[in-house]
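The values are calculated or read from the model by the stated rules, or taken from the named source; none is laboratory data. Since this is a predicted model, take the numbers as computed values, not measurements. We place every Cβ from the backbone using ideal geometry, glycine too, and count neighbours over all the protein chains shown. Areas reflect the complete protein model, heavy atoms only, side chains present, ligands, DNA and RNA absent. Shrake-Rupley method; radii C 1.70, N 1.55, O 1.52, S 1.80 Å.
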Amino acid sequence: MAEDNAPQHHAPASGGSQHHGGGSGPPGSSGPRAQGGRPGGPAKRGKRNFVRKKKVCRFCVDKVDFIDYKKADVLSPFIQERGKILPRRMTGTCARHQRWLTVAIKRAQNIALLPFAAEL
Amino acid sequence: MEERQYDLIFICRPDTPEAEIDKVISTLEHTATEKGAKIEKTEKWGRKRMAYRVHRLREGFYVYLVIRSSHGEVVKELERRLKVSDVVIKYLTIRLDEEFKRQEKLKRHRERRAARRPRKATPAAQPPSAAGGEQATTL
């Protein structure tokens, strides 16, 4: 299960930076007043303004109408190693599919196909 | 009343002999037919590692059944049987017909729309990513 989670790892990071970018973007345009004195300021800001890749819902791409709770390998990329369900903003899943996904994950947890929490 | 469909999964102890599991399945089948339901599919997934420990066991023998019935009492009776049984450590019944109905509806909807306008932009009923994917396939 851990190796299934591996490709998901970049997601939290990009989600986090997205948040930062959003926060610092608008002040950046009127920036010089905030940190103009610092020599490192502008360069750092430039680095942070990378182009974000648009995340698309994986289920919409495959046109999934029903998320099967029995396929643990499909569901496992959407949970953390500790067993938490990953939020939409990290996986890019659309609202509708996320709704179905949570139900499927919870069903799978009940029949021990997915963990509720990581074992000690 | 219209027919309902249920998924029934149960997990047996991993050290149970196959004959014992077959016995459980046949009793379930018997009970189901007695109550007017029919078992559509029986699948033995075999020994699998469980995601967490149940009764201090790490593995379990999974059995998967699909049941069709017009009323829910069958489920009650089947679950009672599973609860009583010593070899069964966990079970889960899920009603799925409504979800299949929804699935059918969405599928029909999509097909109809694809047939109607093969290359124009689809209306905003579906998320944009889905609409985009659809266009790609129809073109």
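Table for the structure above
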| read-out | value |
| --- | --- |
| Solvent exposure ordering (accessible area, 1.4 Å, most first) of B:Tyr91, B:Tyr62 | B:Tyr91, B:Tyr62 |
| Solvent-accessible area per residue for the stretch B:61-121 (1.4 angstrom probe, square angstrom) | 61 |
| Accessible area, probe 1.4 Å, largest first, for residues B:Glu77, A:Glu81, B:Glu20 | A:Glu81, B:Glu20, B:Glu77 |
| Other protein chain Cβ atoms within 10 Å, averaged over every residue that makes up B:72-82 | 0 |
| Filter on A:Lys106/B:Lys90; A:Lys55/B:Lys107; B:Lys41/B:Lys105; A:Lys106/B:Lys107; B:Lys48/B:Lys90; B:Lys38/B:Lys101 - keep pairs with C-alpha separation over 18 Å | A:Lys55/B:Lys107; B:Lys41/B:Lys105; A:Lys106/B:Lys107; B:Lys38/B:Lys101 |
| Buried solvent-accessible surface, both chains (B, A), 1.4 Å probe, Å² to nearest 100 | 2400 |
| Neighbouring partner chain Cβ atoms per residue of B:86-98, average, 10 Å criterion | 2 |
| Solvent-accessible ranking of B:Phe61, A:Phe116, B:Phe10, B:Phe100, largest area first, probe 1.4 Å | A:Phe116, B:Phe100, B:Phe61, B:Phe10 |
| Set of aspartates and glutamates near A:Lys84 by C-alpha distance (under 19 Å), chain-local residues within fewer than 8 positions excluded | A:Glu3, A:Asp4, A:Asp68, A:Asp73, A:Glu119 |
| Solvent-accessible area of B:Glu98 with every protein chain in place, 1.4 Å probe, in Å² to the nearest 10 | 110 |
| Per-residue SASA entry for A:Val61, accessible area with 1.4 Å probe, Å² rounded to 10 | 80 |
| Test item: A:97-104 mean partner chain Cβ contacts at 10 Å | 1 |
